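Data first, discussion second: the structure below is written as structure tokens.
The values are calculated or read from the model by the stated rules, or taken from the named source; none is laboratory data. Quick caveat: nothing in here was measured; it's all calculated off a predicted structure. Reconstructed Cβ throughout: ideal geometry from the backbone, glycine too, with neighbour counts over all protein chains shown.
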Amino acid sequence: MTAQTAQVLLSLDSEEVGTLKEGINFMKNPEDSKCYIIYKDNKVLRACKNQCKHQGGLFIKDIEDLDRRTVKCTKHNWKLNVATMKYVNPPDSFMQDELEVEILDEGGLQLVELNPADPWLADPREILELQEGEVKVTYLTHACMELQLGRKRFMFDPWLKGPAFARGWWLLHEPPIDALDRLCAADLIYISHMHSDHLSYPTLKELSERQPDIPIYVGDTSRPVFWYLEQSQVKLTNINIVPFGVWQDIDKHLRFMILMDGVHPEMDTCIIVEYKGHMILNTVDCTRPNGNRLPQNVDLMMSDFAGGASGFPMTFCGGKYNDSWKADFIKNERKKLLNYKAHLVKSLQPKIYCPFAGYFVEAHPSDRYIKDTNLKNSGEDLNELINKLAPDIKTWTPVPGSVLDLGLALKDLSNSEAITKPAAGTKIYKDSWDFDLYVDELNRAICCEIFKHPSWIRFYYTWAGFQNYNLVVRVIETDDDFEVLADGYDYLVDFLDLSFPNERPDREHSYIEIKNRIGVMRHVVLHGRLWDDLYIGFQNRISRDPDVYHHRFWNHFQTELPVHRPLWDQFLQQEASIQQTDKQQERPNRWSYCVVL
């Protein structure tokens, strides 16, 4: 092995190897405090990082495991069988990334991580001095940054108007009044992934009407970033899908490289932008950006920071999920995320760090409970912790319209000219969001013709293509307050054989009950949208028996639905034909929904 293809993470001498016990051994590298797990079974050794692949939590001993083969994550109680490197709770989820165990001649061992060469080191460029005003970074809102790089303007993830995740997320900050003009004047745009706080339909609709041929760059993810917009009124004509880990040259001094996420490679990406040898790293929402193998000492690093971007546990009901439990859970999650991000920044040692991609609010009046419960970290909180852990790293907490002059900031961030603040009196926080405009648009799906035919249920779930899994789900349509509607659908789906029974089967099975706001649910069904609009958008209430996370089910409906919407025109034609035949032959209606259980 060469240094470019392998990295030694932990070394044990022969005496330390002799102290390894049968079963699970927790180890820490005293040099960098990073933790590992070594599993011993007779003379067979297996090893991995002590880091849950789900969201980076730390594993501890599983006191319920008498065979000493499993460990439990402190974050969400996921369980890993270290003997097989398979996650056993939830089942059908991940395989843990395994480390190579190399036995040394003198009886010691090394834990080795095999890696490709760092792609950003390819074709190195000379680092040239930046002049004042040559590189400027302007924060607009949420994850939207404008980078002026010489004569080019590069825009990241433009969410500038409207909601995200159906009607669950709204912009916290008021974008500068010229934000849309700046977007339309950009030379190129990077969109990290398909989530609607990054791929914003209302924003891109306006862009397509004004400048449809702006070059847009996305990573070559297995789930196409623009899968939904291709079916919409948004017509963008210059979308470029680029391979991972390859420099994309824009001009003599400017290039960029897109990298995938280590946990969600089918969806999430991050980016390195280089100008005159100076690197800007934007990890966006990646849980483990590029498997946490990232360039060190970049000039500017940006990442998410806030948390609270999940329906769990705010939308869960029953059992332990009372307000007190949720408050404690959310408090602990915020603390863990804050520490994880701070230590990641410390390990990478960027010259300047900026927290972004977390400035959203559950602003709609019907989501007041979520807003009050789902407390989030602030950018100031994270920067304060970074300043304590790594005082040599400069930090910048942005507000809309503030500008970082990278050349000046690298010399002295305290220089009053390094950061330009918005003009006095500039509106920073939003206080109105055009709720009616966007909610009415969603609710138009309620009266769609397809929902007059109860057989849409079978047609939709057949299209979704999930089955052979012992899970029964009850779906109930509700109003905005999650009260059951008298004329809404209430039905069961048995995913073992994809049937639609009138009552729960008498066999042993897992059960989930999901109450969905009718407008959002029907919008999702009509357009074949991923269920993230329901789940991450806080548009449902969920209870389950037993209280187990079904990764395979949620992963399918959140990432693996067909990329083409259901063929509802074909469905309506079939219904018209069947109804005509039924009328001629005087047959009764074939479906008797809604089921009330």
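Observations
- Qualifying residue in segment 165-185 (condition: among the acidic types (Asp, Glu) and without any contact (Cβ under 8 Å) to a residue 40 or more places away in the chain): yes
- Which listed residue, of Lys86, Lys152, Lys136, is under 29 Å from Leu66 (Cα atoms), basic (Lys, Arg) and surrounded by fewer than 21 Cβ atoms within 10 Å (Cβ to Cβ): Lys86
- One residue stands out in segment 71-83 among those that are free of Cβ contacts under 8 Å to residues at least 24 places away in the same chain and assigned to a strand (DSSP E or B): the one that is surrounded by the most Cβ atoms within 10 Å (Cβ to Cβ), namely Cys73.
- Within segment 289-336, considering residues that are crowded, with 19+ Cβ neighbours inside 10 Å and of a type in the set (Asp, Glu), the one nearest to Glu266 (Cα to Cα): Asp304
- Summed over segment 178-213, the residues that are part of a helix (DSSP H, G or I) and within 26 Å of the chain's Cα centre (by Cα) give a count of 11.
- Odd one out for Trp433, checked against (1) more than 26 Å from the chain's Cα centre (by Cα); (2) closer than 30 Å to Arg565 by Cα: (1)
- Every test in (1) under 30 Å from Leu10 (Cβ atoms); (2) touching a residue at least 24 places away in the same chain (Cβ under 8 Å) is passed by Asp105 save one, and that test is (2).
- When residues of segment 89-107 are limited to those that are in a strand (DSSP E or B) and over 20 Å from the mean Cα position of the chain (by Cα), the one surrounded by the fewest Cβ atoms within 10 Å (Cβ to Cβ): Ile103
- Hits in segment 243-288 (condition: over 20 Å from the mean Cα position of the chain (by Cα) and either within 15 Å of Ala143 (Cβ to Cβ) or among the β-branched types (Val, Ile, Thr) (or both)): Val246, Ile250, Val273, Ile280
- Within segment 200-226, the set of residues being crowded, with 18+ Cβ neighbours inside 10 Å and in contact (Cβ under 8 Å) with a residue 40 or more places away in the chain comprises Ser200, Pro202, Thr203, Leu204, Glu206, Leu207, Tyr217, Val218, Gly219, Thr221.
- Selection count where residues are hydrophobic (A, V, I, L, M, F, W, C), assigned to a loop (DSSP other than H, G, I, E, B) and surrounded by 15 or more Cβ atoms within 10 Å (Cβ to Cβ), scope segment 415-447: 2
- Scanning segment 108-121 for residues that are touching a strand residue (DSSP E or B) at 6+ places or on another chain (Cβ under 7 Å) and assigned to a loop (DSSP other than H, G, I, E, B) yields a count of 2.
- For segment 263-296, a tally of residues being modelled with pLDDT under 95 and of a type in the set (Ser, Thr, Tyr) returns 1.
- Boolean, Ile280 is surrounded by 23 or more Cβ atoms within 10 Å (Cβ to Cβ) and in the same structural domain as Leu408 (by TED's automatic domain parsing): yes
- Residue in segment 320-340 that is assigned to a loop (DSSP other than H, G, I, E, B), in contact (Cβ under 8 Å) with a residue 12 or more places away in the chain, within 23 Å of Asp285 (Cβ to Cβ) and in the same structural domain as Leu140 (by TED's automatic domain parsing) present: no
- Residue check for Cys286: in contact with a Ser or Thr (Cβ under 8 Å, 6 or more places away or on another chain) and within 22 Å of Leu382 (Cβ to Cβ): yes
For every residue, the table says whether it meets (1) touching a helix residue (DSSP H, G or I) at 6+ places or on another chain (Cβ under 8 Å); (2) within 19 Å of Cys35 (Cβ to Cβ); (3) of a type in the set (D, E, K, R); (4) outside the structural domain of Ile214 (by TED's automatic domain parsing).
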| position | (1), (2), (3), (4) |
| --- | --- |
| Asn77 | no, yes, no, yes |
| Asp92 | yes, no, yes, yes |
| Pro124 | no, no, no, yes |
| Tyr139 | no, no, no, no |
| Arg151 | no, no, yes, no |
| Met155 | yes, no, no, no |
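- Within segment 541-566, the set of residues being among the aliphatic types (A, V, I, L, M) and surrounded by fewer than 16 Cβ atoms within 10 Å (Cβ to Cβ) comprises Val548, Val563.
- Just one of the listed residues (Leu382, Leu408) is in contact with a helix residue (DSSP H, G or I) (Cβ under 9 Å, 6 or more places away or on another chain), part of a helix (DSSP H, G or I) and surrounded by 19 or more Cβ atoms within 10 Å (Cβ to Cβ), and it is Leu382.
- The residues on offer are Glu477, Glu503, and the sole one that is assigned to a loop (DSSP other than H, G, I, E, B), among the acidic types (Asp, Glu) and either over 31 Å from the mean Cα position of the chain (by Cα) or surrounded by 14 or more Cβ atoms within 10 Å (Cβ to Cβ) (or both) is Glu503.
- The set of residues in segment 164-180 being buried (at least 24 other Cβ atoms within 10 Å of the Cβ) and touching a Pro at 6+ places or on another chain (Cβ under 8 Å) consists of Trp169, Pro175.
- Evaluation of Leu597 against the conditions (1) part of a loop (DSSP other than H, G, I, E, B); (2) modelled with pLDDT of 95 or more; (3) out of contact with any helix residue (DSSP H, G or I) (no Cβ under 6 Å at 6 or more places or on another chain) shows that the sole unmet condition is (2).
- Phe244 fulfils the conditions (1) part of a strand (DSSP E or B); (2) surrounded by fewer than 18 Cβ atoms within 10 Å (Cβ to Cβ) except for a single criterion, (1).
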